[in-house]
Amino acid sequence: ALETLIHASTIGQSSIEHMIQVQVAITRGDVKVQSFMDVVDVWAKIMNQIDTVKEQRLYEVLKRNGTWLTPTVSVWWGVGQLNQQQDEIMQKWLQQIPKEIIKEWSRNPFQDPQPANHTSQDYATFRQAGLNNAIVAKRMFDSGVNLMAGSDSANPMIIPGYGLHKELELLVEGGFSVADALRLATISPAKFLQRNDIGQLAPNYMADIVILDDNPLMDIRNTTKINGVVLRGKSIEREALDEI
């Protein structure tokens, strides 16, 4: 996996989505992965298994080649939520999702038509993997690797819209400052796209703004408290958003 990532970066792949290969690449020893549960098991244990020599070699290559990475840590969190009682906010978001998709979610993570075969520990392993994924993403960020925030619908519990809010929350839980997490969803993608008209509030920039009721710098979860939206200069109030 390490040589594969290095090769992809060296031949010019501009961005890598997800970190499924990263944890295998930086883990001590020879890791054999034959199933999705093998992957998540590696992630759940990775904090005690990192080969720092491999890790720094990979990060240096990604930096040198200007290769970006989108961690999508919420994918692991989402699977781990399938056996959890959801709060009121999440229940509201789930109402938007067709029941047939929710039913498919239960089979997705294990490629198993009988999700009841899996224990509560299996789901806890996914939740731990999500946190570790965010921690490793912070290590990459601190080493100078370019990162962007992104989600991955329609994986379990990754609801379009809400998925990115949760991604930011998990990145902060993994050690990112709130300001850096917000940059990963605004300024950084604009830089990757080589756009000088999006990603920040400035003259001659596209007026795409989310207006919040509370300061996200005080609590990243405040990004979900949306009072209104300005889309390309057009104001959309809360009532209209609810109708949508």
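The values are calculated or read from the model by the stated rules, or taken from the named source; none is laboratory data. Worth saying up front: this structure is predicted, and the values here are computed from it rather than measured. Cβ: placed from backbone, ideal geometry, glycine included. Neighbour counts: every protein chain shown. Protein only, heavy atoms only, side chains kept; ligands, DNA and RNA dropped before computing areas. Shrake-Rupley method; radii C 1.70, N 1.55, O 1.52, S 1.80 Å.
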Q | the range 1-44, residues that are at pLDDT 90 or above and either of a type in the set (S, T, N, Q) or open to solvent by 60 Å² or more (accessible area, probe 1.4 Å) (or both) | A | Glu3, Thr4, His7, Ser9, Thr10, Ile11, Gln13, Ser14, Ser15, Glu17, Thr27, Arg28
Q.
Which of the numbered conditions does Ala190 fail, given that it passes all the others? Conditions: (1) in contact with an Asp or Glu (Cβ under 9 Å, 6 or more places away or on another chain); (2) modelled with pLDDT under 95; (3) over 28 Å from Ile89 (Cβ atoms); (4) of a type outside the set (S, T, N, Q).
A. (2)
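I'd like to check which strands (runs of 3 or more DSSP E) are fully inside the range 145-244 and have at least 3 residues that are open to solvent by less than 60 Å² (accessible area, probe 1.4 Å).
Details: elements: 209-212, 226-231, 234-237.
Filter on the range 145-244 gives 226-231.
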Q | Filtered residue count, the range 48-96, keeping only those that are of a type in the set (A, V, I, L, M, F, W, C), in a loop (DSSP other than H, G, I, E, B) and in contact with a Gly (Cβ under 7 Å, 6 or more places away or on another chain) | A | 1
Q) Applying the selection to the range 45-59, what residues are open to solvent by 50 Å² or more (accessible area, probe 1.4 Å), out of contact with any helix residue (DSSP H, G or I) (no Cβ under 7 Å at 6 or more places or on another chain) and within 22 Å of Trp76 (Cβ to Cβ)? A) Lys45, Asn48, Gln49
Q. Among the residues of the range 124-144, which ones are among the small types (Gly, Ala, Ser) and buried (at least 22 other Cβ atoms within 10 Å of the Cβ)?
A. Ala129, Gly130, Ala134, Ala137
(Q) Gln121 - would you say it is open to solvent by 70 Å² or more (accessible area, probe 1.4 Å), under 16 Å from Ile20 (Cα atoms) and either more than 14 Å from the chain's Cα centre (by Cα) or at pLDDT 85 or above (or both)? (A) no
Q.
Residues that are at positive phi and either buried (at least 17 other Cβ atoms within 10 Å of the Cβ) or in contact (Cβ under 8 Å) with a residue 40 or more places away in the chain (or both): does the range 79-92 have at least one?
A. no
